[in-house]
Amino acid sequence: MEAVLDRRIARDLKTLARFIQLYCNDMHADQPRQPVTMRTHDVKEIAGREIVLCPSCTKLLQHGFTKRTHCTMDPKPTCKNCPKHCYAPTYREQIRQVMRHSGTKMLYRGRIDYLFHIFF
Ligand SMILES: [Zn+2]
C-alpha cells in the first residue's frame with residue numbers, strides 16, 4: 001500500500017469502483033461474487049465500502065486501479081483523448097460497457113456528482 005494516494009487518483013479510483021459495483025450488481029447477480037482485495041490497494045478504504053464483484057469484474061477493477069495509479073499523464077486527459085491507450089483492448093471494451101451502463105443510471109438518478117469524465 002502506497003503511503004498517500006494522490007487525492008485525484010483516490011477520487012477516480014473510488015468512482016471507478018462504484019461504477020463497476022453497480023454494473024456487476026445489475027449484470028452479474030447470478031454469478032459467484034467475492035469482496036475485492038488487492039495487494040497494492042486497500043480497496044475497501046478507497047471505495048468507502050466493501051466492493052463485491054464477480055471474477056471478471058474483479059479483474060477489470062484491478063486492472064483499472066493499477067492503470068489509473070500509474071498513469072503518467074499530468075494533467076490526465078480523458079482516456080478517449082489519450083495518446084497512450086494503456087488499457088488492454090479487452091478491458092477497454094469492458095470498461096466502456098461499464099461506463100455506459102452505470103453512467104446512464106447515475107444520470108437518471110440525478111447523481112451528477114458522479115458524472116464520469118475520466119474514463120471515456
Ligand atoms: Zn461482474
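The values are calculated or read from the model by the stated rules, or taken from the named source; none is laboratory data. These numbers come from a predicted model, not from an experiment. Ideal geometry is used to build each Cβ from the backbone, glycine not excepted, and the neighbour counts take in all protein chains shown.
I'm trying to understand the selection: among the residues of region 42-53, which are within 13 Å of the ligand (Cβ to nearest atom) and either buried (at least 18 other Cβ atoms within 10 Å of the Cβ) or without any contact (Cβ under 8 Å) to a residue 12 or more places away in the chain (or both)?
Just the residues of region 42-53 that are within 13 Å of the ligand (Cβ to nearest atom), to begin with: 51-53.
Of everything in region 42-53, those that are within 13 Å of the ligand (Cβ to nearest atom) and either buried (at least 18 other Cβ atoms within 10 Å of the Cβ) or without any contact (Cβ under 8 Å) to a residue 12 or more places away in the chain (or both) turn out to be ILE51, LEU53.
VAL98 fails exactly one of the following numbered conditions: (1) assigned to a loop (DSSP other than H, G, I, E, B); (2) modelled with pLDDT of 85 or more. What is the number of that condition?
Checking VAL98 against (1) assigned to a loop (DSSP other than H, G, I, E, B); (2) modelled with pLDDT of 85 or more, the one that fails is (1).
Which of (1) more than 22 Å from GLU93 (Cα to Cα); (2) away from the ligand (no atom under 15 Å from the Cβ) is the odd one out, the single condition ASP12 does not satisfy?
(1)
Residue by residue, here is whether (1) over 21 Å from ARG7 (Cα atoms); (2) within 16 Å of the ligand (Cβ to nearest atom); (3) in contact with a Gly (Cβ under 9 Å, 6 or more places away or on another chain) holds:
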{"residue": "CYS24", "(1), (2), (3)": "yes, yes, no"}
{"residue": "THR40", "(1), (2), (3)": "no, no, no"}
{"residue": "HIS63", "(1), (2), (3)": "no, yes, no"}
{"residue": "PRO77", "(1), (2), (3)": "no, no, no"}
{"residue": "ARG96", "(1), (2), (3)": "yes, yes, no"}
